[in-house]
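The values are calculated or read from the model by the stated rules, or taken from the named source; none is laboratory data. Keep in mind that what you see is a predicted model, and the values were worked out from it rather than measured. For neighbour counting, all protein chains shown are included, and Cβ atoms are generated from backbone atoms with ideal geometry for every residue, glycine included. For accessibility, only protein heavy atoms count, side chains too; no ligands or nucleic acids. Shrake-Rupley method; radii C 1.70, N 1.55, O 1.52, S 1.80 Å.
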Amino acid sequence: MLLGFQEIIGHEGQIALLRRAVERDRLHHAYLFVGPEGTGKRTVATALTAAVQCSTGTGDACGECASCRAVAHDNHPDVHWLEPRKGKRDITIEQVRGLQQQLALHRFNGKKKVAVIDPLTLMNLHAQNALLKTLEEPPDHSLLILIAESTGGVLSTVLSRCLRLSFFPLTVEQVAAIVAREDGISEDRAMLLASLSYGSLGKALAGEDETLLEQRRDCFRRLAALSPDDARGISDLAEEMGKDREQALRFLDWVRGWLRDIMVLQVTGSAATVCNRDLLEPLQQAAATRRVQESTAALAEIDNVTRSINRNFNRRMVLEGFIPGILGQQ
Ligand SMILES: [Zn+2]
């Protein structure tokens, strides 16, 4: 789906800057969009592409003209998306060379030749070095949009030739507004899905089905009732949550929100900004029986645990070591 700049929720500053540049025909030749997954970098890249090509020339996509429709259907002859080929891990040097040939051609009917590279971090160093040439001597009427979650592994020479725009997680309210619009679902459910997404629209729109929501509630009821010296209970929960990588990462996402809410209750004493509203009772129970420092320590540990899970350490053992920290001393 194509959204114009004015239909996008959030990222106001970044969009205002891009829109002004399109209107005045003062676009930089290369932009780097950096920010966590699911925050809308591709949505903004598509809006920028359509705004550039739109035949109305208003600085935003009209959504109706042949150019806008071609961008929306991903078949505009002057727009190229560079992604890893199916089943491949990297964007290769051959793909970059292919893109460079495309950019050297005359424009078909677009106002610019646009290339979107997503994600930049999957470009190996050979490919990045090849891309440098294009960044140093951009062909006339070309626009490059590079997308990345972080700049780790990206050559500094590549970074220094792009204008960087940072994207931050959306607020729960922004995600909820978008979810409600996309799916036409109730406001309450949109809030719940949004609160589970931690600012990632992609996650909120993927939705959590009822089975998952029930599993999550069950997991927290057990966590709330579990004592730190119940080795058997901890081991059972670790085994279940560690049954595969996806479940283990989901569990860590849940715990992140859970600990955040406990801290909100401990610090503010109010449930007004608690995200996991359907779990208020066990949350209050946990908030009353543990110290704030225990929550912050467990929260800080989540990144390490995530890394261990991603490196294929033994999931049950990793979670067994982590769960007592979530429970506090009680
Ligand atoms: Zn248009």
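Backbone geometry of segment 214-228 corresponds, through the Karplus equation with coefficients 6.51, -1.76 and 1.60 at θ = phi - 60°, to 3J(HN,Hα) couplings of 5, 4, 5, 4, 4, 4, 6, 4, 5, 4, 5, 8, 7, 9, x Hz, x marking Gly and Pro. Seen against the Cα atoms of the chain and their longest principal axis, helix 315-327 is set at about 70 degrees. Ranked by the mean number of other Cβ atoms within 10 Å of their residues, highest first, the peptides 122-128, 277-283, 132-138 come out as 122-128, 277-283, 132-138. Seen against the Cα atoms of the chain and their longest principal axis, helix 93-104 is set at about 40 degrees. The phi-based Karplus calculation (6.51 cos²θ - 1.76 cosθ + 1.60; θ = phi - 60°) puts the 3J(HN,Hα) values of segment 128-140 at 5, 4, 5, 5, 3, 4, 5, 6, 6, 10, x, x, 4 Hz, whole numbers, x for Gly and Pro. Taking amide hydrogens as placed 1.01 Å from N in the peptide plane, the amide H of Ala30 sits under 5 Å from those of Leu144, Leu163, each at least 5 positions away in sequence or on another chain.
Relative to the longest principal axis of the Cα atoms of the chain, helix 41-53 runs at roughly 20 degrees. Computed on the Cα atoms alone, the convex hull of the chain gives a volume of 147 cubic angstrom per residue.
Accessible area per residue for the chain is 50 Å², calculated with a 1.4 Å probe on protein heavy atoms, without ligands, DNA or RNA. Amide H contacts of Thr151 (H built 1.01 Å from N, in plane; Pro and chain starts excluded): no residue 5 or more places away or on another chain comes under 5 Å.
The simple spin-label model puts a point 7 Å past each Cα toward its Cβ; for Thr211 and Met263 those points are separated by 3.3 nm. Cross-link reach is defined here as a Cα-Cα straight distance under 26 Å, omitting same-chain residues fewer than 8 places apart; for Lys41 the lysines meeting it are Lys86, Lys88, Lys111, Lys112, Lys113, Lys133, Lys203. Bridging of Lys243 to aspartates and glutamates at a Cα separation below 18 Å is possible for Glu214, Asp218, Asp253, Glu320, once same-chain residues fewer than 8 apart are set aside.
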